[in-house]
Amino acid sequence: MVPLSYYLVLSGILFACGVTGFIIKRNIITIFMSIELMLNGVNLSFVAFAANWKALSGQVFVFFVMVVAAAEAAVGLAIIIAVYRNRETLNVDRVNLLKL
Amino acid sequence: MTSNLHLWLIPILPLIGAAINGFLGKRFSRQVVSTVALTFSGAAFAMALYVASQFSSLSLPHVETVAAWIRAGQFQVDFGFYLDQLSLVMLLVVTGVGFLIHIYSVGYMWEDDGFYRFFAYLNLFMFFMLTLVLANNYLLMFIGWEGVGLASYLLIGFWFVKDSAASAGKKAFITNRVGDFGFLIALFLLIQHFGTLTFADLFQKVSALSPETTGAGLLTAIGLLLMVGAAGKSAQIPLYVWLPDAMEGPTPVSALIHAATMVTAGVYMVARSHAIFERAPQALTVVAIIGTLTALFAATIGITQTDIKKVLAYSTVSQLGYMFIALGVAAFSAGIFHLMTHAFFKGLLFLAAGSVIHAVGGEQDMRKMGGLRTKIPVTFWTMTIATFAIAGIPPLAGFFSKDEILWRAYQASWIYWFIGVFTAFLTSFYMFRLWFMTFFGAYRGDAESSHGHDAHGGHGHGGIHESPKIMLVPLVILAILSIVGGWVGVPGSLGGSNRFDKFLGPVFRSTSPSLNANHAAPGETAPPENETEGTEPQTGHSTELIFTGISVLAGLLGLALAYLFYYQRPELPQRIATSLGGFYEAVKNKYYVDEIYAAIFIKPLIDGSSKVLWKGIDQGLIDTSVNDAADGARDVSDAVRRMQSGNIRSYASWIALGAACVLAYMVWMGTR
């Protein structure tokens, strides 16, 4: 049996990767993928706790997160396509029309 | 009496005329504008005549309440109209003279571009003036009071492109505000102490009080404050300064507002408030002194003026002074009598002066007139009648009213009488001076000049000419009134019975039991209609006749002196003026009153406003604090806005940092 702490460390590493990618990357797709990475890092900790404490609610939460992530992906990708059509770039630093 | 005369129609009719001409008149032709104006002011006159015809069948005072206005607990004010002998006289004078001046104005203003505007204002004035004289409470009267001030302002500044006219309008308005302030305070006092402003209730409550013979009290204060208001509106010392400047307005306006009607509002108001004044003998004394001083003061200035309208303006101030003398000696009906005759002959004088100005192409300087007698005969004859009337030559209107005032003044104090007679002499002198300078001798002006000082730019004058008929008819009617107007008040000493005094008697006797009792006849209990107002003098008719003789003599002396100075020896006045030197200069410059006021009131006000209020408080305090607050807000925002970079990744970094901090904290707490 793999100890809970391993899962949690892996989950933390995944989340940290996501945060780092989100902050340092300029490509909007990469940023989007970083968000998915963070979500999955959290999901991992959910299922780990659920398995450890034999409680189903953690697993249920994961399903919710997945559904929200799927919805988010649908909307987010649509936005990305719209942005690309208008701006011909996926660099977030160039998408700054509202900036002063 | 239940009969309803619809008194509200009388003021409303001219208002309708004003509204039609004011809003639509620009598109109307002159014929339509004058028809509208004349119809509505004439209708008001017709209503007034109808009211007069029904008058004997009314129970007086006749009150008609149209609508409720203010209801505040016990205090209430209505839109109500009050008709008694006093308001009937005022009503007939205002509508009658007003209507005649409307007719005259059609001819006088025909060439003016603001024709419709002029008649809109004139009708508006009629509305407010009629509201003033018909109001059944002080507040409604105050509306009329302020309204005539507004109309006066609009009409003085009628030719507002002319700087002097615009500032004369402002001067009149502001000076009147000073008086209105006193009036308003008096109203507050009345509300506070009597809880009502309605004439009937108020005077009933006032009647219950005893006269303040020993010391000045509430009624004296109210009386003095009312007199401040009256001094403003009726151009008495110290607030008379606006009236001579008001001559910047068109001449019919000077005739209607600044001679016949509006300036007499103060006289009317004091007479209306007689119940208060009769119980405040000290206030009455002040009224009499102000009247006496004003009469004398203005008459002396009148002698030195060369502008025909300015002479008449100072004459008006002086004659108003006479009316206040009468009020001040509690001879209210004598004051109103002089008010009426004055409206006739002074209105006529102004209209005739307007006709003269019209004839000589807008010239107002008498030194450039002369010899007009044969050239404008109708104007000459009507003006002659008016001049003799104001000079107090019997049997013209002014003689009777002035004689009545002087006689009553003598009964109060010989000083009033003496100054009054001397003023009568001065009046006669300056009026005949005007008469001789204008109509006799050789013409001193430039006949072909048609530079329009008055309304006659581009008139195309072909020399001196008589005015059109529409201007002459009112002159003739007023001339007739100036002759016969005094006959309603022929005193007992001349074989008359002073019907005017008896007619007004009930108004002034109804609430005046006490003041005249000092020198009242023992048989004072006789029914009012058999008595003159106050007391019939016991000194006998022969004494009164002597005084009449003296005042006539004063008038004739003025005539003789003017004849000598301005007809026989025209070089004399100049020599006398030179020999008087500084005094003459002072009088000619109106005793420098305007300059003194400017130094005492206006300059400190301007300095205080510009240096303290403007530069100090407005710019220094208010502007600075507002600007500093704005600058501070901007500086803080400048610092704070750097966080709002708009860069998503920097936001994300902040969130991550925050989350890390929370996490670290939780770990640290967990490991403790």
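Here are the numbers for this structure:
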| read-out | value |
| --- | --- |
| Under 19 Å from A:Lys25, Cα to Cα: aspartates and glutamates that are on another chain or at least 8 residues apart | A:Glu36, A:Glu88, A:Asp93 |
| Residues B:Ile419, B:Ile289, B:Ile376 arranged by fewest to most Cβ contacts within 10 Å | B:Ile289, B:Ile419, B:Ile376 |
| Stokes-Einstein translational diffusion, region B:321-408 - Kirkwood Rh over all Cα pairs, 1.567 mPa s, 4 °C, in µm²/s | 93 µm²/s |
| Neighbour-count ranking [beta-carbon atoms within 10 angstrom, fewest first] of B:Met47, A:Met38, B:Met247 | A:Met38, B:Met47, B:Met247 |
| Global form of chain B, assessed from the alpha-carbon gyration tensor, a/c cut-off 1.5 | prolate |
| Relative contact order of chain B, defined on C-alpha pairs under 8 angstrom at six or more residues apart (%) | 12 percent |
| Local electrostatic count at B:Met431 - Lys and Arg +1, Asp and Glu -1, tallied over other residues with Cβ under 15 Å | +4 |
| Rh (Kirkwood; distinct C-alpha pairs) - region A:4-93, Å | 14.2 Å |
| Cross-link partners of B:Lys615 among aspartates and glutamates (Cα-Cα below 18 Å; sequence separation of 8 or more within a chain) | B:Asp607, B:Asp623, B:Asp628 |
| Sites excluded, GluC sites (Glu not before Pro) in DSSP loops with at most 10 other C-beta within 10 Å, longest stretch of chain B | B:1-447 |
| Sites B:Met669 and B:Asp618 - FRET efficiency at Förster radius 45 Å, r taken between beta-carbons, to 0.05 | 0.15 |
| Reachable aspartates and glutamates from B:Lys502, criterion Cα separation under 14 angstrom, eight or more residues apart if same chain | B:Asp84, B:Glu404, B:Glu529, B:Glu531, B:Glu533, B:Glu536 |
| Residues with amide H under 5 Å from that of B:Thr65, placed H, sequence gap 5 or more | B:Phe81 |
| Loop trypsin sites (Lys or Arg not before Pro), chain A (other Cβ atoms within 10 Å of the site Cβ: 11 or fewer; DSSP) | A:Lys54, A:Lys99 |
| Residue order, fewest to most surrounding Cβ atoms within 10 angstrom, among B:Ser355, B:Ser467, B:Ser413 | B:Ser413, B:Ser467, B:Ser355 |
| Additional length obtainable on full extension of the chain from B:Ala630 to B:Ile470, 0.36 nm per residue less Cα span | 51.0 nm |
| Gaussian network model of chain A, springs between alpha carbon atoms under 10 Å - residue of A:Phe15, A:Phe64, A:Phe46 with greatest fluctuation | A:Phe64 |
| Charge context of A:Ile35, other residues only, Cβ under 14 angstrom, K/R +1, D/E -1 | 0 |
| The protein assembly as shown: mean projected area of Cα convex hull, nm² | 55.9 nm² |
| Of the chymotrypsin sites (Phe, Trp or Tyr not before Pro) in region B:311-344, those whose Cβ has at most 11 other Cβ within 10 Å and which sit in DSSP loop | none |
| Kyte-Doolittle mean at least -0.5, axial Cα span of 27 Å or more - DSSP H helices of chain B | B:30-54, B:85-108, B:115-134, B:163-194, B:281-304, B:308-328, B:332-359, B:414-439, B:541-563, B:648-671 |
| Net charge contributed by nearby residues that have their C-beta within less than 14 Å of B:Ala630 (K/R +1, D/E -1) | -4 |
| The protein assembly as shown, helix-only ellipticity at 222 nm - DSSP H runs n ≥ 4, -39,500 (n - 2.57), divided by all residues, nearest 500 | -22000 deg cm²/dmol |
| Members of B:Lys162/B:Lys603; B:Lys233/B:Lys603; B:Lys402/B:Lys469; B:Lys171/B:Lys590; B:Lys170/B:Lys310 lying beyond 26 Å, as alpha-carbon distances in this model show | B:Lys402/B:Lys469 |
| Neighbour-limited loop hits for trypsin sites (Lys or Arg not before Pro), region B:605-671 (at most 11 other Cβ within 10 Å; DSSP other than H, G, I, E, B) | none |
| With 10 Å bins from 0: P(r) over region B:1-154, alpha-carbon pairs, percent | 12, 39, 31, 14, 3, 0 |
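We did not get these values from a lab; they are worked out from the coordinates using the rules stated. From a predicted model like this one, the values you see are computed outputs, not experimental measurements. Here Cβ is always computed from backbone atoms with ideal geometry, including for glycine, and neighbour counts include all displayed protein chains.
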